[in-house]
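For reference, the structure discussed in these notes is given below.
The values are calculated or read from the model by the stated rules, or taken from the named source; none is laboratory data. Fair warning: this is a prediction, and the values are worked out from it, not measured in the lab. Every residue, glycine among them, receives a Cβ derived from its backbone with ideal geometry; neighbour counts consider all protein chains shown.
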Amino acid sequence: MKYQSLYLLAALLVGSVHTVYSADNLPEPQVLIDEMSAASRSLNYDGVFVYTLGKQIDTMRIIHKSGDGESYERLISLTGHAREVIRDKDQVRCYFPENKAVVVEKSRLGKLISTYLPQPIKSISDFYIFEIAGEDRIAGLNAWIINIRPIDKYRYGYQLWIDKESKLLLKSELKNQLGVTLEQIMFAQLHVLDDIDDALLEPSTAAEGFTWYKNSPNEPLDINDNDKQWKVTWMPAGFSMSEQSKEPMLTSRMPVEHLVYSDGLAMVSIYVEKLNQQPGIVVGASNFGGVNTYAVFAGGYQITAVGEVPKSTVKLMADSVKSYH
């Protein structure tokens with residue numbers, strides 16, 4: 001009888017996780033996503049998460065501090081090679097101790113892990129369908145599960161687990177058209193704090209004797225064709241240019257045209273690099289998890305499209321790049 005009672009108690013506890021909600025008391029998914037985006041910027045937190053990409057699994061720690069409208073972050077790799085990424089406002093420093101190198105560049109995404117979504121999320125509601133898929137428990141915290149499904153074949157879907165209390169993202173999955181998970185981020189522990197000690201945002205290495213590489217679009221470039229401009233003539237509905245710049249490559253002083261297109265959630269970068277007809281130009285498609293790349297060689301230029309979108313999308317966008325004066 002004692003074991004039967006324990007079995008019944010366990011069954012009740014398991015069953016209690018799957019609470020049935022009516023449409024009247026379900027939260028609005030778009031409101032939750034807006035709250036998540038705001039929380040990821042405004043709260044101070046320290047957490048450990050697991051990043052899964054195919055067969056590759058990495059464990060990382062992220063420390064985020066918010067103050068005076070600015071964000072400061074430190075991302076530390078806890079597995080594999082020692083790596084650290086420090087974001088101070090809009091500057092990012094990447095430390096690679098095994099190579100004795102530091103790469104410094106301007107931050108575009110605004111966060112070291114992708115928990116930022118547009119404000120308001122309604123701006124992309126014509127291209128994605130949002131729904132509450134249930135609830136779960138991640139890192140000991142209760143979460144709502146939200147499905148974000150694209151309306152066409154040119155973008156991926158997402159599934160988000162949002163903490164019911166803090167509204168921070170606890171888990172995210174990038175899914176292809178068949179619902180297969182391509183990438184996953186899941187927190188194993190996450191603590192919201194009143195304050196973050198500035199010492200926790202400093203790199204663990206002094207970087208003495210390291211080589212520093214600065215990738216700054218403000219530095220003078222060897223530009224020989226100032227009058228040549230580039231644009232993408234085909235893109236999925238809802239996409240538009242969000243950024244354009246000429247940047248130096250870390251290994252060359254030749255400029256690379258960088259065009260960024262986004263629908264407010266998915267993003268594709270287009271790189272146009274002038275080449276000297278050197279052999280071994282890499283063309284065609286490749287992918288790494290949810291990131292697809294397609295490169296084409298045309299008229300002395302290599303055009304490369306990179307984005308967390310299906311292969312067909314980057315190929316169509318890269319093939320559509322045209323120059324104009």
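Here are the numbers:
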item	result
The stretch 77-100 residues that are at negative phi, paired with ones that are among the small types (Gly, Ala, Ser) (beta carbon under 6 Å, 6 or more apart)	Arg83/Ser77; Arg87/Ser107; Asp90/Ser107; Val92/Ser107; Pro97/Ala82
Filter result for the condition that a residue is over 20 Å from the mean Cα position of the chain (by Cα) and either buried (at least 21 other Cβ atoms within 10 Å of the Cβ) or more than 14 Å from Pro310 (Cβ to Cβ) (or both), over Leu193, Leu170	Leu193
Any chance Ala237 is at pLDDT 85 or above and closer than 30 Å to Tyr72 by Cβ	no
Every pair of residues 6+ apart whose Cβ atoms lie under 6 Å, when the first sits in the stretch 41-70 and is without any contact (Cβ under 8 Å) to a residue 24 or more places away in the chain while the second is part of a strand (DSSP E or B) and charged (D, E, K, R)	none
For Glu105: the one exception among (1) modelled with pLDDT under 85; (2) under 24 Å from Met186 (Cα atoms); (3) assigned to a strand (DSSP E or B)	(2)
Residue check for Thr181: modelled with pLDDT of 90 or more and under 19 Å from the mean Cα position of the chain (by Cα)	yes
Residue check, Leu117 modelled with pLDDT of 80 or more and either under 21 Å from the mean Cα position of the chain (by Cα) or not assigned by TED's automatic domain parsing to the domain that holds Val180 (or both)	no
Single unsatisfied condition, Met267 versus (1) modelled with pLDDT under 95; (2) within 16 Å of the chain's Cα centre (by Cα); (3) surrounded by 20 or more Cβ atoms within 10 Å (Cβ to Cβ)	(3)
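Residue-by-condition table, conditions (1) in the same structural domain as Asp319 (by TED's automatic domain parsing); (2) modelled with pLDDT under 85; (3) surrounded by 13 or more Cβ atoms within 10 Å (Cβ to Cβ):
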{"residue": "Asp222", "(1), (2), (3)": "yes, yes, no"}
{"residue": "Asn226", "(1), (2), (3)": "yes, yes, no"}
{"residue": "Ser245", "(1), (2), (3)": "yes, yes, yes"}
{"residue": "Met254", "(1), (2), (3)": "yes, yes, yes"}
{"residue": "Val260", "(1), (2), (3)": "yes, no, yes"}
{"residue": "Val272", "(1), (2), (3)": "yes, no, yes"}
{"residue": "Gln277", "(1), (2), (3)": "yes, yes, no"}
{"residue": "Asn287", "(1), (2), (3)": "yes, no, yes"}
